[in-house]
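Here is the structure we will look at.
Nothing in this text is a laboratory measurement; each read-out follows from the coordinates by a stated rule. Model, not experiment: these values are computed from the prediction. Cβ: placed from backbone, ideal geometry, glycine included. Neighbour counts: every protein chain shown.
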Amino acid sequence: MKVEFYKHPLGEEEITALADVIHSTFLTTGPRTKDFEAKFAEYMRAQYCVGVTSWTMGGFIALKALGIRPGDEVITTPMTFMATSNIIIECGATPVFVDVEPETGNISCDAIEAAITPRTKAILPVHLYGQMCDMRRMSAIAKEHGLAIVEDCAHSVESERDGIKPGELSEMAVFSFYATKNLASGEGGAITTNDKSLFEKLMVLRQHGMNKSAADRYSARFKHYDMEMLGYKCNMFDIQAAILLPQIPHLAERLERREYVCNRYEEGFKNAEGIALPPVLPNSVHGRHLFTIWVDPEIRDIVLSDLQDRGIGVAVNFRSINRLSYYKEHFDMPDGTFPSAEHIGDSTITLPLYTKLSDAEIDHVIAQVKESVRECAANLSTKA
């Protein structure tokens, strides 16, 4: 049996919505984008939402809106996708990496506090796999030191912790609608905020620094535009919004289905030798974006290859940033700098997780993973 790593849940509702846009006036940023922004802001309990073309550009203009510039430092995690730290560098600032909690892989608040300097301007946490960071404590640290927080919420549309959703205790939260996300449009993203001045700045920054969009200029009598600041080109457009809008009402039921899949995995891997699982913390709602297991680093890559030979789709989320060539060359972060992040990055295997997984497929993945880990560990022991 072959089990794909991911299958999206999109269907006739999205096809109909796309057809409606194609038959309408606006393909670019227009009424669908505005409708999506309003509905997503409501879902996230935020006052404002700005749709963008990707998480990367959303994160970048969020930092630009805060005035992050050369000489500034932004504290972030090494246990993430490279885009999180790349945008800090693109602003001319310095990413300051700190280690993660060994239990969850989320950024350590103790490490954040220890890394603050007079040059620190912001914190950029990542809610790994869909498990939120401790935002109550992080917010208290930020307020004490006069720092902004921009949350990387690429994994955490549905997440909550201590009654808090992403974005409620920070200046901005940035979301990804990449092809494999829980809310997906192939590419896309959004920024939520409760700060009106930041919202207004983001709306200008996402479209070249212009103060009027195409819809503003052409939907009624022509209005001249002005360029108020140096901006960029990353406005969400109605084709993306049309794909996203029908999915919002289904977020709860799809999370429930992924929760079922994860619970079945967790039961199947309970007490399995050589397999550890990151926990779901109490008083939290896990976004269940990724299901990862942690195995012995000595056999991880062997197991990955073996599982692919067995027809199981797998991935690694993520390698510790200091293991990537660019960061090795440009930053003084030798192996051993971030013990917890490096161990997690060397141990992680991400398994299939999506709503279309059948019980038979889930059970097959469990059986194949357990057998693979057992055999690879035995082979390593024999060679030793």
Original post:
For region 251-383, what is the convex hull volume of the alpha-carbon atoms per residue, in Å³?
Top reply: 144
**OP:** Place +1 on the Cβ of every Lys and Arg and -1 on the Cβ of every Asp and Glu in the chain, take the dipole about the Cα centre, and give the residue among VAL303, VAL50, VAL157 whose Cα lies farthest towards its positive end.
**Re:** VAL50
Original post:
Taking Cα centroids, how far is region 110-167 from region 292-321 in Å?
Top reply: 29
Subject >> ASP301 paired with ILE15, simple spin-label distance in nm, labels 7 Å along Cα-to-beta-carbon >> reply: 4.3
Original post:
Residue separation times 0.36 nm, minus the C-alpha to C-alpha distance between GLU273 and HIS145: what's the value?
Top reply: 41.6 nm
Original post:
If you build a Gaussian network model of the chain, linking Cα atoms that sit under 10 Å apart, which residue out of ASP359, ASP134, ASP306 swings the most?
Top reply: ASP359
Subject >> Proximal charge balance of GLU160 [Cβ under 11 Å; K/R count +1, D/E count -1] >> reply: 0
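Please state the charge dipole magnitude for the chain, taken about the Cα centre, from unit charges on C-beta atoms (+1 on K and R, -1 on D and E), reported in debye and rounded to the nearest 20.
Details: 39 positive and 53 negative charges, 230 e Å.
Dipole magnitude for the chain comes out near 1100 debye.
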Original post:
Label ALA367 and HIS330 with points 7 Å out from Cα along Cα→Cβ: what is the distance between them in nm?
Top reply: 4.8
Subject >> For region 157-169, Karplus couplings with θ = phi - 60° (6.51, -1.76, 1.60), whole Hz, Gly/Pro x >> reply: 4, 9, 6, 8, 8, 6, x, 10, 9, x, x, 7, 10
**OP:** Pull up all non-local amide H partners of VAL3: gap of 5 or more, or a different chain, and H-to-H distance under 5 Å with H placed in the peptide plane.
**Re:** ILE312, GLY313
Subject >> Cα lying deepest toward the dipole's positive end in the chain, options ALA111, MET82, GLY274, charges on Cβ >> reply: MET82
Subject >> Separation in nanometres of the label points that stand 7 Å from Cα toward Cβ, at ASP359 and ASN379 >> reply: 3.3
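Taking the Cβ-Cβ separation of HIS23 and ASN263 as r and a Förster radius of 45 Å, what is the calculated FRET efficiency to the nearest 0.05? Intermediate values should be presented prior to the final figure.
On the way: r = 43 Å, r/R0 = 0.95.
The pair HIS23/ASN263 has a calculated efficiency of 0.60.
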**OP:** Once you've got the GNM for the chain with C-alpha springs shorter than 10 Å, pick whichever of ASN194, ASN182, ASN235 has the biggest mean-square fluctuation.
**Re:** ASN194
**OP:** Would you mind computing the Rg to Rh ratio of region 55-147 from its alpha-carbon coordinates, Kirkwood style for Rh?
**Re:** 0.93
Original post:
With θ set to phi - 60° and the Karplus curve 6.51 cos²θ - 1.76 cosθ + 1.60, what are the ³J(HN,Hα) couplings of region 73-90 in order, to the nearest whole Hz, using x for Gly and Pro?
Top reply: 10, 10, 7, 8, 9, x, 9, 6, 6, 4, 4, 4, 8, 4, 5, 5, 5, 4
**OP:** Quick one: among ALA65, ALA190, ALA19, which has the greatest mean-square fluctuation in a GNM of the chain with alpha-carbon springs under 10 angstrom?
**Re:** ALA19
Original post:
What list of ³J(HN,Hα) couplings, whole Hz, do you get for region 330-345 from phi and the Karplus terms 6.51, -1.76, 1.60, once you set θ to phi - 60° and write x for glycine and proline?
Top reply: 9, 10, 8, 9, x, 3, x, 5, 10, x, 5, 5, 5, 5, 5, x
Subject >> Cα-based reach from LYS165 at 17 Å (exclusive), listing lysines while leaving out same-chain residues under 8 positions away >> reply: LYS39
